Amino acid sequence: MVDARPEVRPAPRLRVIFLGPPGAGKGTQAARLAAWGKVPRVSTGDMLREAIAAGTDLGRQVGPLMEKGSLVPDELLIGIIQERLLGKDCRNGYILDGFPRTLRQAQGFETMVGGDLTEEMLVFDVEVPRSELLRRLSGRRWCPTCQSTYHVDNKPPRADMLCDREGAQLIQREDDKEVAVARRLAEYDERTAPLIDYYRGRSRFFRVNGYRPPDAVFQELTRIAEGRA
Ligand code: AP5
């Protein structure tokens, strides 16, 4: 007997991992892609900075590490992400910005979602020359209230050093200062870059040239997400 009921398909899910060094534009693109795909952006950097601002135990623990540009311990991050992904808003997908960042985190993530996600998960590796990373990080300004980012040359606020949304005074992130940036780049080379080979073999992996205007990068990401690239 033929079942005449219409086939019920699960809603398509957009699940993305952003790889790329500090300043590559992961946060900028993750926010746009999340709005486009109507899924949340899950930024571990933002979550940790919120914990620091709120003065929680977690914030007190990670504050000194982040300020000097070191990575936060894997177990903490895996726990934070596990809890966050249980949120109802993550049911139809999410954009991970800043996680996983070590092999151990990548393995922890696979355990929590129950597989290697080869078929489904998009992994974008955003590439930008190092000289441009330094220019972007040294010129970045940040709103401590809503976490919006600006750049003194590329994306200045409308009013001098005030957030367009909040009107709050923009500041330079502590870890955007020279010594911390050097450590972040070293951490990236040593502990995060190996994830490129890890994901190349097991996911829908795409290397994206991030050394272009944000709109051009975004167009490529959406083309890929729609399966047109
Ligand atoms: P996190 O906040 O994740 O920082 P990050 O990875 O170092 O990345 P950034 O925020 O610096 O850069 P981005 O690639 O998002 O670039 P953005 O879009 O802002 O992590 C901070 C810290 O938290 C870590 O050091 C660690 O201590 C801890 N942490 C977080 N996650 C962790 C984890 N999983 N494990 C362990 N520790 C963890 O752009 C940068 C600038 O460039 C902006 O000014 C922007 O306007 C500009 N810009 C962006 N795109 C373009 C473009 N196409 N052209 C020109 N300018 C551009």
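The values are calculated or read from the model by the stated rules, or taken from the named source; none is laboratory data. Keep in mind that this is a model prediction, so the values were computed, not measured. We place every Cβ from the backbone using ideal geometry, glycine too, and count neighbours over all the protein chains shown. Just the protein is used for accessible areas: all its heavy atoms, side chains included, with ligands, DNA and RNA removed. Shrake-Rupley method; radii C 1.70, N 1.55, O 1.52, S 1.80 Å.
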Exercise. Can you pull out the residues in the range 22-34 that are open to solvent by less than 10 Å² (accessible area, probe 1.4 Å) and in a loop (DSSP other than H, G, I, E, B)?
Worked result: Ala24
Exercise. If the Cβ limit is 6 Å and pairs must be 6+ apart or interchain, which residue in the range 15-34 that is farther than 14 Å from Leu122 by Cβ and more than 6 Å from the ligand (Cβ to nearest atom) pairs with which residue that is open to solvent by 10 Å² or more (accessible area, probe 1.4 Å) and among the hydroxyl-bearing types (Ser, Thr, Tyr)?
Worked result: Pro21/Tyr188
For this session: Just need a number here: residues in the range 120-146 that are away from the ligand (no atom under 12 Å from the Cβ), open to solvent by 30 Å² or more (accessible area, probe 1.4 Å) and in contact (Cβ under 8 Å) with a residue 24 or more places away in the chain.
Result: 3
Exercise. Can you name the number of the only condition in (1) near the ligand (Cβ under 9 Å from one of its atoms); (2) within 28 Å of Ala54 (Cβ to Cβ); (3) in a helix (DSSP H, G or I) that Tyr150 fails?
Worked result: (3)
Problem set entry | the range 82-106 - residue that is without any contact (Cβ under 8 Å) to a residue 60 or more places away in the chain and touching a Pro at 6+ places or on another chain (Cβ under 8 Å) and, of those, surrounded by the most Cβ atoms within 10 Å (Cβ to Cβ) | Cys90
Problem set entry | Subset of the range 35-76 [among the hydrophobic types (A, V, I, L, M, F, W, C) and open to solvent by less than 40 Å² (accessible area, probe 1.4 Å)] | Val39, Val42, Leu48, Ala51, Val62, Met66, Leu71, Val72
